[in-house]
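Heads up, the thing below is written out as structure tokens.
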Amino acid sequence: MHEMSLTESIVDIAVEAARKEGAERVTRVVVDVGALSHVEPEALEFCFAAVSRGTLAEGARLEIARLPGAGWCPDCGKTVALAERFAACPECGGFRVQMTAGDELKVREMEIA
Amino acid sequence: MCSVCGCGEAQVVLDKDKPVAEHAHPHDHVHDHSHDHGPHHHDEGAIDYGRGPAGAHAPGVSQERMVAIERDILSKNDAYARENRRALAAKGVFALNFVSSPGSGKTALLARTIVALKGRLAVSVIEGDQQTSNDAERIRATGAPAIQINTGKGCHLDAHMVGHAIETLDPEPNSTLFIENVGNLVCPAGFDLGEAHKVVVLSVTEGEDKPLKYPDMFAAADLLLLNKSDLLPHLDFDVGLCLANALRINPHLQTLVVSAKTGEGLAAFVAWIEASAARRAAALAKA
């Protein structure tokens, strides 16, 4: 459950930014989580309520934007969709696909009051 | 006060009779709360500005506003890892982060490697486990200085904990530092500790398809040690298939078949460490 420490980072980043803005509280946090990243979104949601308790982000809604995975297949010479990390190229079946998108793990924005 | 992060709570001690590396970490606090399913403290009668535009009745006016952040969730850990890498480079310390599932034989392998490196390279060790300082004691028995980090409920080491441990352990210049991560083939993959290389240890009593089942760790590693080769005569384990699976995930992965029990392959591993440390030192000298 490394999602617990990732959630702690999310809350830390949001609270730090909220303080800088002079906000009284954080009401919504939007995070980008790539489909190929090593993170279980449900686990982030589960941890968020517990981790944010007693902080400026207590009661805030966590919105997880799932970003699709993609990779470059050198055999096909083009970018292909990837549903799974290290999966075969959906076009040619080769295993040389280099991931180009989908491992994002980022706090994008938040709503403060 | 802690000079790594100013947290004022670092306490990592080498005294083996005391619980070592009890860094009163903000994480501990959070874990305490995470399993508390007691009554919530929300005051139901209060006006809650956190729930939508409460109290803002003027049309089009909301008390909320959006703020762009665009920060990587791992950015804090990565900043600590950069600091660790800088501190290690300043002293010429070559650090390896050993990762595996529990029971792969990491500690036995490290102990045997330390003995094999005696007189060639000074080694110190950071041991990560949820509880007990058993592993640090096993390492100290070889004569190498070791420090134990107990993560409590934590499932991996992070760069912040390791920074404190490096500070306390104070490895000697131009030595090698082994960091034995918490036995877990999933969580430690994403956390950079400031090491030169991740080394993944897999044992032949596990399945050949483990690299496919837990690909992140094999993708993050630079070297795979396939341990417990002494048991191969008693098993149906297919070494070739296992290595092929690992290379499918990470074509740049280097692989060695070893046995901490018989010492098979350890000379090759020692040579790898010496060559990699020398290459690292040369790269740092050039930079």
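The values are calculated or read from the model by the stated rules, or taken from the named source; none is laboratory data. All of these numbers come straight from a predicted model, not from anything done at the bench. Virtual Cβ from ideal backbone geometry, glycine too; neighbours counted across all protein chains shown. Please note that ligands, DNA and RNA were not included when accessible areas were found on the heavy atoms of the full protein model with its side chains. Shrake-Rupley method; radii C 1.70, N 1.55, O 1.52, S 1.80 Å.
Put simply, of B:ALA95, B:ALA108, B:ALA81 the only residue that is modelled with pLDDT of 95 or more, more than 14 Å from chain A (Cβ to nearest Cβ) and not in a strand (DSSP E or B) is B:ALA108. Restricted to strands (runs of 3 or more DSSP E) entirely inside the stretch A:1-95, those with at least 2 residues that are open to solvent by 50 Å² or more (accessible area, probe 1.4 Å) and in contact (Cβ under 8 Å) with a residue 12 or more places away in the chain are A:61-67, A:78-82. With respect to (1) open to solvent by less than 40 Å² (accessible area, probe 1.4 Å); (2) closer than 30 Å to B:GLU167 by Cβ; (3) touching a residue at least 40 places away in the same chain (Cβ under 8 Å), the lone exception for B:GLY263 is condition (2). Checked against the criteria, B:THR168 does not count as part of a loop (DSSP other than H, G, I, E, B), more than 14 Å from every other protein chain (Cβ to nearest Cβ), β-branched (Val, Ile, Thr) and surrounded by fewer than 24 Cβ atoms within 10 Å (Cβ to Cβ).
Selection of the stretch B:199-216 for residues being at pLDDT 95 or above, surrounded by 15 or more Cβ atoms within 10 Å (Cβ to Cβ) and of a type in the set (Asp, Glu) yields B:GLU206, B:GLU208.
If you go through the stretch B:214-230 and pick out every residue that is within 14 Å of another protein chain (Cβ to nearest Cβ) and charged (D, E, K, R), you end up with 1. Within the stretch B:128-159, the residues that satisfy the criterion of being more than 14 Å from every other protein chain (Cβ to nearest Cβ), open to solvent by 60 Å² or more (accessible area, probe 1.4 Å) and either free of Cβ contacts under 8 Å to residues at least 60 places away in the same chain or out of contact with any Ser or Thr (no Cβ under 9 Å at 6 or more places or on another chain) (or both) are B:GLN131, B:THR132, B:ASN134, B:GLU137, B:ARG138, B:ALA141, B:GLY143. Taken together, B:LEU243, B:LEU232, B:LEU247 contain a single residue that is part of a helix (DSSP H, G or I), at pLDDT 95 or above, farther than 21 Å from B:LEU117 by Cβ and open to solvent by 60 Å² or more (accessible area, probe 1.4 Å), which is B:LEU247. Restricting attention to the stretch B:221-245, the residues that are free of Cβ contacts under 8 Å to residues at least 60 places away in the same chain and under 22 Å from B:TRP272 (Cβ atoms) total 13. The residue list B:ALA281, B:ALA219, B:ALA277 contains one member that is of a type outside the set (Lys, Arg), surrounded by fewer than 19 Cβ atoms within 10 Å (Cβ to Cβ) and part of a helix (DSSP H, G or I), which is B:ALA281. The set of residues in the stretch A:50-101 being of a type in the set (A, V, I, L, M), over 28 Å from A:ALA17 (Cβ atoms) and within 14 Å of another protein chain (Cβ to nearest Cβ) consists of A:LEU82, A:ALA83, A:ALA87, A:ALA88, A:VAL97, A:MET99. If you filter the stretch A:102-113 down to residues that are open to solvent by 30 Å² or more (accessible area, probe 1.4 Å) and either assigned to a strand (DSSP E or B) or away from chain B (no Cβ under 14 Å) (or both), you find that the one that is nearest to A:LEU44 (Cα to Cα) is A:LYS106.
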